[in-house]
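To start, the structure under review is shown below, and the notes come after it.
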Amino acid sequence: MSSPTTTVRPRPAVRLAGLAVAAVLATAGAFAAPPAAQAAANPYERGPAPTVALLEASRGPFATASQSVSSLSVTGFGGGVIYYPTSTAEGTFGAVAISPGYTAAWSSIDWLGPRIASHGFVVIGIETNTRLDQPDSRGRQLLAALDYLTQRSSVRGRIDASRLAVSGHSMGGGGSLEAAVARPSLQAAVPLAPWNLDKTWSDVRVPTLIIGGESDSIAPVSSHSEPFYNSIPASSEKAYLELNGASHFFPQTVNTPTARQAVAWLKRFVDDDTRYEQFLCPGPSGSAVQEYRNTCPSA
């Protein structure tokens, strides 16, 4: 991938009756919420309690299937592939649209589709209208893909249209920032090695996880991922993960640290599943991690 060029776009309780009863209940430890109450408090929780092993496995707890989407059957983007959990026994799912980078096809990062879907999401990996589309265009295409998923696709009945997210690699990552600004109702954004000429994202209100590569020479973290993260206001949930020694192309092969953190972020913010907060605060560490910063949602 050669260094791309672009133009800057215009920005636009039932009360307990009596102390004696309360004392008995307290002694029995009955003040813990029963399972039904816990489920009511978090109706979007899907899947078993998370573990490191679960997040680092090649597949999550949900069996998945996929279907191709022809460019001739959609408008606003170039088609792609949908990945979805085969069972809806636990209810509907949040959805994620993902864009590849400059000159790249969805196949360059397609491992992300079934990986994320297997944790309880409907995922559409898009083909862009042209391989040369810039970040602002890719942002619009991500939103068009989400609209197609929730309104016209054959899997729309599996999706909760109020719980949507975007992601992408390189210019697709820059596009996910564009989409977050254009549609602040999104629940999460996960730019991967994002590239964009616009360095200021003070209008991002969507919880955003940026993952960059320490050795990226195409979208160096010093001039892309880091300033993007720094410009997002502290009032917005955000995190920055920098992978030790990683090049610009780290999303184009199976990358466990990327998958682990992206899934944890999506589960926390799209599914409102606080069980995953343990993976965000204090966050990942180890030889694969050069740096991690975050606002920490429990803070």
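Rule-based calculations on the coordinates, nothing more; no lab input. Since the structure is predicted, the reported quantities are computational estimates derived from the model, not experimental observations. Cβ placement follows ideal geometry from the backbone for every residue including glycine, while neighbour counts extend to all protein chains displayed.
Ile159's amide H: which non-local residues (gap 5+, or another chain) put their own amide H closer than 5 Å, with H modeled 1.01 Å from N in plane and none for Pro or chain starts?
Phe93
Using Cα-only point scatterers and the Debye equation, what is log10 of I(q)/I(0) for region 76-133 at each q in 0.16 Å⁻¹, rounded to two decimals?
The computed values of log10 I(q)/I(0) come out as -0.48.
Express as a percent, rounded to the nearest 5, the fraction of DSSP beta bridges in the chain (both residues included) that run antiparallel.
40
Hey, with R₀ at 25 Å, roughly what FRET efficiency would Arg275 and Thr88 work out to, going by the Cβ-Cβ distance, to 0.05?
Plugging the Cβ-Cβ distance into 1/(1 + (r/R0)^6) gives 0.75.
First measure r as the distance between the Cβ atoms of Ala161 and Glu214, then evaluate 1/(1 + (r/R0)^6) with R0 = 51 Å and state the FRET efficiency to the nearest 0.05.
0.85
Spelling out what I want: for every residue of region 146-163, take phi, set θ = phi - 60°, compute 6.51 cos²θ - 1.76 cosθ + 1.60 (Karplus), and round to whole Hz; glycine and proline get x.
5, 5, 4, 3, 7, 10, 10, 6, 6, 9, 4, x, 8, 10, 8, 5, 8, 10
Test of understanding: ordering Tyr229, Tyr292 by Cβ neighbours within 10 Å, fewest first, what list do you get?
In increasing order of surrounding Cβ atoms, one gets Tyr292, Tyr229.
Which order results if Trp201, Trp111, Trp195 are arranged by neighbouring Cβ count within 10 Å, fewest first?
Ranked by crowding around the Cβ, least crowded first: Trp111, Trp201, Trp195.
Note the per residue figure in Å³ for the convex hull of the C-alpha positions in the chain.
143
Where Rh is the Kirkwood radius over the Cα pairs of region 117-244, the temperature 25 °C and the viscosity 0.890 mPa s, what D in µm²/s does Stokes-Einstein return?
For the chosen part, D equals 167 µm²/s.
Taking the beta-carbon count within 10 Å as an exposure proxy, list Glu291, Glu226, Glu237 from fewest neighbours to most.
Sorted ascending by nearby Cβ count, the order is Glu291, Glu226, Glu237.
Where Rh denotes the Kirkwood radius from the mean inverse Cα pair distance, what is Rg over Rh for region 51-189?
Using Cα coordinates only, the ratio equals 0.95.
Karplus couplings for region 57-70 from phi (6.51 cos²θ - 1.76 cosθ + 1.60, θ = phi - 60°), rounded to Hz, Gly and Pro as x?
Each residue's phi maps through the Karplus curve to give 5, 5, 9, x, x, 9, 5, 10, 9, 9, 8, 7, 10, 6 Hz.
How much mean residue ellipticity at 222 nm does the chain get from its helices, if each DSSP H run of length 4 or more adds -39500 (n - 2.57) and you divide by all residues, to the nearest 500 deg cm²/dmol?
Using -39500 (n - 2.57) per qualifying helix, the result is -7500 deg cm²/dmol.
To the nearest Å, what is the center-to-center distance of region 154-189 and region 207-247, using C-alpha atoms only?
That distance is 18 Å.
Work out from phi, with θ = phi - 60° and the Karplus expression 6.51 cos²θ - 1.76 cosθ + 1.60, the ³J(HN,Hα) of each residue of region 277-290, listed in order in whole Hz, and give x for Gly and Pro.
Listing the rounded values in order: 4, 4, 8, 9, 10, x, x, x, 8, x, 5, 7, 10, 7 Hz.
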